[in-house]
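Here's the structure, in structure tokens; my notes come after.
The values are calculated or read from the model by the stated rules, or taken from the named source; none is laboratory data. Model, not experiment: these values are computed from the prediction. Neighbour counts are summed over all protein chains in view; Cβ atoms, including those assigned to glycine, are modelled from backbone coordinates with ideal geometry. In case anyone asks, the SASA skips ligands and DNA or RNA and just uses the protein heavy atoms, side chains included. Shrake-Rupley method; radii C 1.70, N 1.55, O 1.52, S 1.80 Å.
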Amino acid sequence: MKVCIIGFSSPYWRGIPWRDKTWERWGMNGLYRSLPVKYFDRWFELHAKGKAWGQRGWREPQADLVELSEQLTLYLTDHERGIPLGVPYPLHDVERLTPHGSYHAGTFDYEVALAILEGATDIMVAGVDFSTGGEPLSARPCLEYWLGVAEGRGIKVTVQSGDIFRIFRLLRTDEQYGFDPFRLVEDR
């Protein structure tokens, strides 16, 4: 099994094996607004239910999730009423993969872990760029950890993304955030 995990950063969509039937393509969250679902094999909506449900776009509308679940496998954080075809993400099985199996900070690393669990031979990450913001600070290192676990198990990893496996340094400055010109990421 070959898995291509696709994120939102379109400059890095080149090279995605769209027509190659030997690859599964996995999407997430609101990506269906940018790319037709027909190009995907599985979908992930792993945001917690409750407060995040339907607020500020953190969670897709339930009607959209029901429709997605009717078209392909849709992974959720648990089995939810109203989305009868949704599949609970196998969290406990993934957590048993490594001594640090609970080290997750985003959907991307959960997808890599599931690909490992299911015996993927190849994992491609395309369209994932944390430099644009919107993800927890620990999302990139968690993804890199799980990609390292994959490589350590002999899985071929291909990355077509912005800042995965890039070196980041802390910046020391006297500039005052919000009042002085300030760049969170200084790209040299």
(Q) Out of everything in region 106-143 that is open to solvent by less than 40 Å² (accessible area, probe 1.4 Å) and acidic (Asp, Glu), what residue ends up being modelled with the lowest pLDDT? (A) ASP129
Q: Scan (1) touching a helix residue (DSSP H, G or I) at 6+ places or on another chain (Cβ under 9 Å); (2) under 27 Å from LYS21 (Cβ atoms) for the single condition SER102 breaks and write down its number.
A: (2)
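Going residue by residue through region 33-41, is there one that turns out to be under 23 Å from GLY119 (Cα atoms) and modelled with pLDDT of 95 or more?
For region 33-41, residues under 23 Å from GLY119 (Cα atoms) and modelled with pLDDT of 95 or more: present.
Within region 56-173, which helices (runs of 4 or more DSSP H) (wholly inside it) include 1 or more residues that are touching a residue at least 40 places away in the same chain (Cβ under 8 Å) and under 25 Å from PRO11 (Cβ atoms)?
Once the helices (runs of 4 or more DSSP H) in region 56-173 are filtered for at least 1 residues that are touching a residue at least 40 places away in the same chain (Cβ under 8 Å) and under 25 Å from PRO11 (Cβ atoms), what remains is 107-117, 139-152.
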